[in-house]
Amino acid sequence: MKVILLSGAPNSGKTTTLNKVYDELIGLGAVPLRPKKQLGGNPNDFECVLTYMAKQIAIFTMGDFSIEVIHAMSFYEGMGCDVLIVANSDKAMPIKRLSRYPSNVHIWKTMPLNDKSNESDKNLIISHI
């Protein structure tokens with residue numbers, strides 16, 4: 001499984017970016033296999049599994065809790081997903097966990113929350129699918 005990890009400070013726009021990734025994939029014809037479902041206490045956090053370009057793509061945004069990210073990696077790998085796109089607080093999870101996934105992509109979200117940086121990050125993530 002390929003893991004695309006979007007890391008950044010809290011409130012830097014990681015979840016907003018991944019909502020944009022979801023919307024873009026749906027607009028490009030992705031089909032939900034596991035419908036978008038809200039997670040935890042943040043109404044913007046979600047998880048889903050889509051089929052896009054003959055790949056199963058999971059998106060998981062509850063990345064402020066490292067144990068949840070680690071569980072998500074195992075869960076979606078067990079489901080047979082080809083790609084996991086996950087938000088991760090830069091304070092939450094040790095990056096060394098990614099070494100288990102040799103084709104991982106790690107993107108640092110260094111820009112503050114704004115629409116231009118979210119669009120740029122969205123396009124970068126989609127290019128790595």
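The values are calculated or read from the model by the stated rules, or taken from the named source; none is laboratory data. All values reported here derive from a predicted model rather than from experimental measurement. Because the Cβ atoms are built from the backbone with ideal geometry, glycine has one as well, and the counts that use them run over all protein chains shown. We work out accessible area using only protein heavy atoms, side chains counted, and drop any ligands, DNA or RNA first. Shrake-Rupley method; radii C 1.70, N 1.55, O 1.52, S 1.80 Å.
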* To do: Using 0.36 nm per residue of separation minus the Cα-Cα distance, give me the extension gain between residue 9 and residue 37 in nm, one decimal.
  => 7.7 nm
* Structure fact -> So, relative contact order of the chain in percent, Cα under 8 Å, 6 or more apart, is 39
* To do: Specify the inter-centroid distance of the stretch 50-68 and the stretch 1-31, based on alpha-carbon positions, in whole Å.
  => 8
* To do: Using the heavy atoms of the protein chains and a 1.4 angstrom probe, tell me the accessible area per residue for the chain in square angstrom.
  => 49
* **Assigned charges on the beta-carbon of Lys, Arg, Asp, Glu; the chain dipole about Cα centre (debye)** => 220
* In nm, give the distance between the simple-model label positions of residue 67 and residue 54, each being 7 Å from the Cα along the Cα-to-Cβ direction. => 4.1
* Cα-projected label distance for residue 115 with residue 90, points at 7 Å along beta-carbon direction, nm -> 2.5
* With a/c under 1.5 counting as rounded, go ahead and sort the chain into rounded, prolate or oblate using the C-alpha gyration tensor (a ≥ b ≥ c being the square roots of the eigenvalues; past the cut-off, prolate if a/b is larger than b/c, else oblate). => rounded
* Helical contribution to [θ] at 222 nm, DSSP H n ≥ 4, -39,500 (n - 2.57), averaged over the chain, rounded to 500 -> -10000 deg cm²/dmol
